[in-house]
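Undergrad: Take this structure, written in structure tokens, and hold onto it; I'll ask about it next.
The values are calculated or read from the model by the stated rules, or taken from the named source; none is laboratory data. A quick note: this is a predicted structure, and the numbers were derived from the prediction, not measured. Neighbour counts are summed over all protein chains in view; Cβ atoms, including those assigned to glycine, are modelled from backbone coordinates with ideal geometry. Ligands, DNA and RNA are stripped out before the accessible areas are found, and what is left, the full protein with its side chains, is counted by its heavy atoms. Shrake-Rupley method; radii C 1.70, N 1.55, O 1.52, S 1.80 Å.
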Amino acid sequence: MRVGLIGEKLGHSFSKPIHEQLTGEEYSLFPLSREEFPRFMERRDFDGINVTIPYKQDVIPFCAMVDQRARRIGAVNTIVNQNGILHGYNTDYDGFAELLAANRMDPAGKRALVLGCGGTSRTVRAVLSDLGAASVRVVSRHPQGDELSYPQALEQKDTQLIVNTTPAGMFPAVEEQPIDLSGFPRLEAVADVIYNPLRTRLLQQAESLGIPCANGLLMLVSQARAAAERFRGISIPRERGMEVCRALLEDKRNLVLIGMPMSGKSTLGKQLASRLGRKFLDTDEWIVSQEGMGIPEIFQKYGEPGFREREHRAVRELSLKNGLVLATGGGAVLDPENVRNLRMNGLLLFIDRPLELLTVGKGRPLAKSPQEVEALYRQRYPIYQAACDRRIPNDAPPEQVLERLLSAGSVR
């Protein structure tokens, strides 16, 4: 069976591993330019395809049958080829409904804002309306009709649920954020259909404000499960989809070790990577390899500001990768932008080595004496606490600390 995904740019897509884990069968990616798209659809050389940006509406004229839900939404993301006759469906609906249910985001009676006006926006609006939302307003950069502009959206102070369906914040433009959440005092939940990176700037702000939030990974897996059932005429249990989602999150998420110099980040990181079969990287080692000189020499030649600039570039580049065990320099999290970058795809684990167990020197420019180490410790400890997702005490034999890390890094 020849099944796969079409879209204009698919380098960021997780669909292939998801479908292959769900069914154990091959799933292909078909990146198509605007010129290639109609020829592909006319050939119909597939048994089933999923459809992503920008073709969810463009495929509709090629379908002889479009089911009622997809027709109402005006977007098709799943097509089944039945003896040359194309049947169109919208399984994004199933995916978004599952995302809401699994994260206990009940839209009933709530006032919602949906950012974006494309095909996914239509799907999200249909789900919210069907589940009883009190109001669903669309926010657009170029509003038409009753759509809101972004400045107008900020005036909707009674908003309780926000859903982002725009690409703002999606890889590679990860610094973008579609709207500032701080102006919504009644906001109860935020969903972002983006899944790469795992935590967009929007979701990170929601977390910082204590607002429940979710990315689009479960939506992606759940719509894929519904699509695979249509492609292959089989039933896939809901729990299987949840297992695939957990496994994918664990596979894609970086485990980022933060903490004081000489706290054991590199040693433990290498052991952790070995146990998990992952690649280990160290931001300091990365900088040394790029600069062709050691950290003390960099400090001597460029000063601390010059080193921090290089550290920032290293953190930005490495944070875009997936599935790493990443050890950071002791001062990396002093820069809030570094923290935001590390949190995009990373779970931040604070290796908390007690002050009396920290060693001194060993080429550390800012920790050459016990007094310097103590001063750094007092200054940085609250910063590590604020930045981390989980704190890992490093006050026991290495084998025991490694088990703590393995437990903290698991999503199962």
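Undergrad: Quick one: how many residues across segment 315-331 are more than 15 Å from the chain's Cα centre (by Cα), of a type outside the set (Val, Ile, Thr) and either in a loop (DSSP other than H, G, I, E, B) or surrounded by 23 or more Cβ atoms within 10 Å (Cβ to Cβ) (or both)?
TA: 5
Undergrad: Can you run down the residue pairs with Cβ atoms below 6 Å, 6 or more apart or on separate chains, where the first is in segment 31-60 and farther than 17 Å from residue 230 by Cα and the partner is in a loop (DSSP other than H, G, I, E, B) and of a type in the set (S, T, N, Q)?
TA: 56/77
Undergrad: Against the definition (under 25 Å from residue 45 (Cβ atoms), open to solvent by 10 Å² or more (accessible area, probe 1.4 Å) and acidic (Asp, Glu)), how does residue 94 come out, yes or no?
TA: When the stated conditions are applied, residue 94 does not pass them.
Undergrad: Could you list all residues from segment 1-47 that are touching a Gly at 6+ places or on another chain (Cβ under 9 Å) and either among the charged types (D, E, K, R) or farther than 15 Å from residue 221 by Cα (or both)?
TA: Answer for segment 1-47, where residues must be touching a Gly at 6+ places or on another chain (Cβ under 9 Å) and either among the charged types (D, E, K, R) or farther than 15 Å from residue 221 by Cα (or both): 1, 2, 3, 16, 26, 28, 29, 30, 31, 32, 44, 46.
Undergrad: Kindly check whether there is at least one residue in segment 355-376 that is of a type in the set (D, E, K, R), modelled with pLDDT of 95 or more and open to solvent by 60 Å² or more (accessible area, probe 1.4 Å).
TA: No - not one qualifying residue is present in segment 355-376.
Undergrad: Further question on the same structure: Out of segment 134-156, which residues are assigned to a strand (DSSP E or B) and either among the aromatic types (Phe, Trp, Tyr) or surrounded by 21 or more Cβ atoms within 10 Å (Cβ to Cβ) (or both)?
TA: Scanning segment 134-156 gives 138, 139.
Undergrad: If the Cβ limit is 6 Å and pairs must be 6+ apart or interchain, which residue in segment 157-181 that is part of a loop (DSSP other than H, G, I, E, B) pairs with which residue that is modelled with pLDDT under 95 and open to solvent by 10 Å² or more (accessible area, probe 1.4 Å)?
TA: 165/120; 171/12; 171/196
Undergrad: Quick one: how many residues across segment 267-294 are surrounded by fewer than 21 Cβ atoms within 10 Å (Cβ to Cβ), in a helix (DSSP H, G or I) and out of contact with any Leu (no Cβ under 7 Å at 6 or more places or on another chain)?
TA: 11
Undergrad: Also: Taking only pairs six or more apart or across chains, which ones have beta-carbon atoms under 7 Å, a first residue in segment 97-121 that is at positive phi and open to solvent by less than 20 Å² (accessible area, probe 1.4 Å), and a second residue that is in a loop (DSSP other than H, G, I, E, B) and β-branched (Val, Ile, Thr)?
TA: Partner pairs satisfying both residue conditions: 116/165; 116/166.
Undergrad: Please count how many residues of segment 63-74 are out of contact with any Gly (no Cβ under 8 Å at 6 or more places or on another chain) and touching a residue at least 24 places away in the same chain (Cβ under 8 Å).
TA: 2
Undergrad: Out of the residues in segment 342-354 that are in contact (Cβ under 8 Å) with a residue 60 or more places away in the chain and not aliphatic (A, V, I, L, M), state the one that is nearest to residue 172 (Cα to Cα).
TA: Only one residue fits best here, namely 345.
Undergrad: From the list 235, 222, 208, pick out the single residue that is among the hydroxyl-bearing types (Ser, Thr, Tyr) and in contact (Cβ under 8 Å) with a residue 40 or more places away in the chain.
TA: On inspection, the qualifying residue turns out to be 222.
Undergrad: Which of the residues belonging to segment 252-293 are β-branched (Val, Ile, Thr) and touching a Gly at 6+ places or on another chain (Cβ under 7 Å)?
TA: 256, 283, 288
Undergrad: Look at segment 314-340 and say how many of its residues are more than 17 Å from residue 279 (Cα to Cα) and touching a residue at least 12 places away in the same chain (Cβ under 8 Å).
TA: 12
Undergrad: Checking residue 298 against (1) within 19 Å of residue 348 (Cβ to Cβ); (2) in contact with a Gly (Cβ under 9 Å, 6 or more places away or on another chain): exactly one of these is not met. Which one?
TA: Failed condition: (1).
Undergrad: Of everything in segment 199-216, what is surrounded by 24 or more Cβ atoms within 10 Å (Cβ to Cβ) and of a type in the set (A, V, I, L, M, F, W, C)? Give them in sequence order.
TA: 202, 203
Undergrad: Hey, residue 374 hits all of (1) farther than 16 Å from residue 260 by Cα; (2) part of a helix (DSSP H, G or I) but one; which does it fall short on?
TA: Every listed condition holds for residue 374 apart from (1).
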